[in-house]
Amino acid sequence: MLVHGFRLLLAAAPALLGASVAMGDDWASVVRLPEVGSPFSSPALSATPDLLPPAYDPAVRPATAMSPLAPALTADAAADAPPADFPVDVTAVPAVTPDPVQPPAAAEPPCQWAGYENGFFIQTCDGNYSFKLQGGMQLRYNANWRDEPLVEGAYDAFEDGFTVNRAWLIFGGNVISPDLNYSMRLNLNSQGDEFVEDARLFYTFDDTWMITGGRFLNPAFLRETNVSFTRQLAVDRSYVEALFTLGYTDCVVLTRQTDWTMTQFVVSDGRGSGGKGVNTDFPNDSADIALTVGLDWKLFGEWEQYGDFTSWEDQDWGLFLGSGFHWEEGETGDDEAVNNLNNFGSWTVDVTLEGRGFSFFVAGVGRHSRNEESLDQYALMAQSGYQLVPEKWEPYVRYEYICLDGMTNVGSTGVPVADSNISLFTLGVNRYFARHAAKVSSEVIYAADPLPVRATGVGLLEDPLAQDGQVAFRTQAQVFF
């Protein structure tokens with residue numbers, strides 16, 4: 001084939017030169033371009049028509065037309081030329097397939113560095129630093145009726161008034177890593193005190209372990225204490241909790257939570273060591289050491305249900321068991337002799353059942369004095385609520401029984417009481433507007449027996465000797481953001 005092509009070129013050269021001179025610049029009318037699909041065609045040209053000279057028009061020069069080169073061809077060259085009716089096989093021309101158009105890569109969502117999600121927040125895009133602000137307020141009206149005093153003017157049998165029970169700001173977030181978090185709550189209470197009520201630093205590691213240090217309510221003892229005051233079933237915590245709580249403590253907590261259990265180990269400066277008005281400097285605590293252990297089991301349900309005492313209609317059933325033990329050794333070797341009396345142990349167990357708008361909680365608590373005079377106190381509290389109108393109306397009831405064993409408390413603060421057995425009944429209703437974020441609660445408390453200790457946070461006052469008890473009414477509007 002190469003020999004025939006060379007012969008064709010030699011035979012056509014004189015005619016090509018002469019025709020080029022005779023025809024001028026109209027080279028397209030002289031040079032016959034290879035036909036598309038012929039053995040002489042160029043794949044690049046045939047597949048890319050835009051590369052053909054603009055003067056070439058296949059409609060004007062059909063494939064069978066002979067150019068002026070034909071007379072000059074030798075017999076051998078003509079024999080090798082394709083016949084006029086040579087079939088054109090378009091499929092023989094390799095097609096050039098363009099590269100597929102790739103869709104644009106999905107853009108990463110923009111970093112939300114500020115906004116609102118259960119509080120106003122700002123954060124870095126990598127999540128290593130954040131700051132969140134939350135706050136709220138509880139406005140309360142209290143009314144209390146006691147028996148008329150035996151001595152006129154000894155006390156006012158009827159007391160009532162409005163209070164800002166709590167107004168708080170919470171600052172929280174994380175630093176350096178999402179695992180290292182901080183939280184601080186400032187509170188203005190009904191006594192007009194402004195103080196740091198809660199301050200903690202906590203670090204999460206290995207997905208199930210967390211270590212926390214600071215000042216806060218002891219989380220391993222009494223579930224009612226551990227549930228936020230904004231998420232209680234009633235207006236506030238119970239009278240039982242007011243008497244048996246360990247209160248705010250300066251402590252360190254090691255927590256391990258799995259799908260089914262939560263275990264907490266607490267080392268603290270003793271009950272009340274972080275309370276309001278307490279000198280919390282290390283030489284001034286009232287205990288040599290205090291240890292608390294809490295163990296909770298989730299039999300079924302979700303742990304998020306364990307964070308309040310209300311059940312919403314869209315929540316499935318959950319059943320939880322809780323327990324806690326506290327051991328405290330009073331301060332020794334200082335000039336405060338009363339601290340030597342702070343030797344006691346406490347225990348608590350509880351059961352929580354929630355689901356489909358119904359909630360039930362019962363807890364037992366006791367403590368034993370380890371001083372020379374043995375003292376055993378215990379109490380029972382049970383409460384239940386049901387949302388008659390989901391997300392709106394929730395009536396509830398509560399019952400409390402307390403046995404004080406002749407003293408108001410164990411340790412240095414105990415004083416004798418005339419009646420050790422106390423029963424209280426509570427009937428109330430919640431009106432929800434945005435779940436716990438906005439609600440109004442109202443209740444009536446009836447104390448069937450004289451109360452030896454006042455608990456104004458519960459709306460109850462102490463009864464003088466030989467009195468029969470009291471009735472309290474309170475209503476509260478709560479909002480938090």
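Tabulated results
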| item | result |
| --- | --- |
| Number of the condition not met by GLU304 [criteria: (1) at pLDDT 95 or above; (2) under 24 Å from the mean Cα position of the chain (by Cα)] | (1) |
| Residue count for the range 424-481, restricted to those that are in contact with a Lys or Arg (Cβ under 6 Å, 6 or more places away or on another chain), closer than 17 Å to PRO149 by Cα and open to solvent by 40 Å² or more (accessible area, probe 1.4 Å) | 1 |
| In the range 226-279, residue most open to solvent (accessible area, probe 1.4 Å) [restricted to those that are polar (S, T, N, Q) and under 19 Å from GLN476 (Cβ atoms)] | SER228 |
| ASP468 assigned to a loop (DSSP other than H, G, I, E, B), of a type in the set (D, E, K, R), in contact (Cβ under 8 Å) with a residue 12 or more places away in the chain and within 30 Å of GLY330 (Cα to Cα) | no |
| Residues (within 18 Å of the chain's Cα centre (by Cα) and modelled with pLDDT under 95) located in the range 275-301 | none |
| Neighbours by Cβ (under 6 Å, 6+ apart or cross-chain): first from the range 360-371, modelled with pLDDT under 95; second open to solvent by 10 Å² or more (accessible area, probe 1.4 Å) and assigned to a strand (DSSP E or B) | HIS368/GLY345; HIS368/ASP376; SER369/LEU375 |
| The range 125-182, subset among the acidic types (Asp, Glu), open to solvent by 70 Å² or more (accessible area, probe 1.4 Å) and in a loop (DSSP other than H, G, I, E, B), residue nearest to GLN478 (Cα to Cα) | ASP156 |
| Failed item, numbered, when LEU186 is tested on (1) exposed (fewer than 13 other Cβ atoms within 10 Å of the Cβ); (2) assigned to a strand (DSSP E or B) | (1) |
| Within the range 434-444, considering residues that are in a strand (DSSP E or B) and in contact (Cβ under 8 Å) with a residue 40 or more places away in the chain, the one nearest to ILE422 (Cα to Cα) | GLU443 |
| Pair list, Cβ under 8 Å, 6 or more apart: the range 406-423 residue at positive phi, other residue surrounded by fewer than 16 Cβ atoms within 10 Å (Cβ to Cβ) and at pLDDT 80 or above | GLY406/PRO416 |
| Selected residue (criterion: modelled with the lowest pLDDT) from residues of the range 99-121 that are outside any loop (DSSP other than H, G, I, E, B) and open to solvent by 90 Å² or more (accessible area, probe 1.4 Å) | TYR116 |
| The range 364-395, residues that are buried (at least 21 other Cβ atoms within 10 Å of the Cβ) and under 19 Å from ALA447 (Cβ atoms) | VAL365, GLN377, ALA379, MET381, GLN383 |
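The values are calculated or read from the model by the stated rules, or taken from the named source; none is laboratory data. Note that this is a predicted model, so its numbers are computed, not measured. Positions of Cβ are backbone-derived with ideal geometry, glycine not excepted, and every protein chain shown enters the neighbour counts. Protein only, heavy atoms only, side chains kept; ligands, DNA and RNA dropped before computing areas. Shrake-Rupley method; radii C 1.70, N 1.55, O 1.52, S 1.80 Å.
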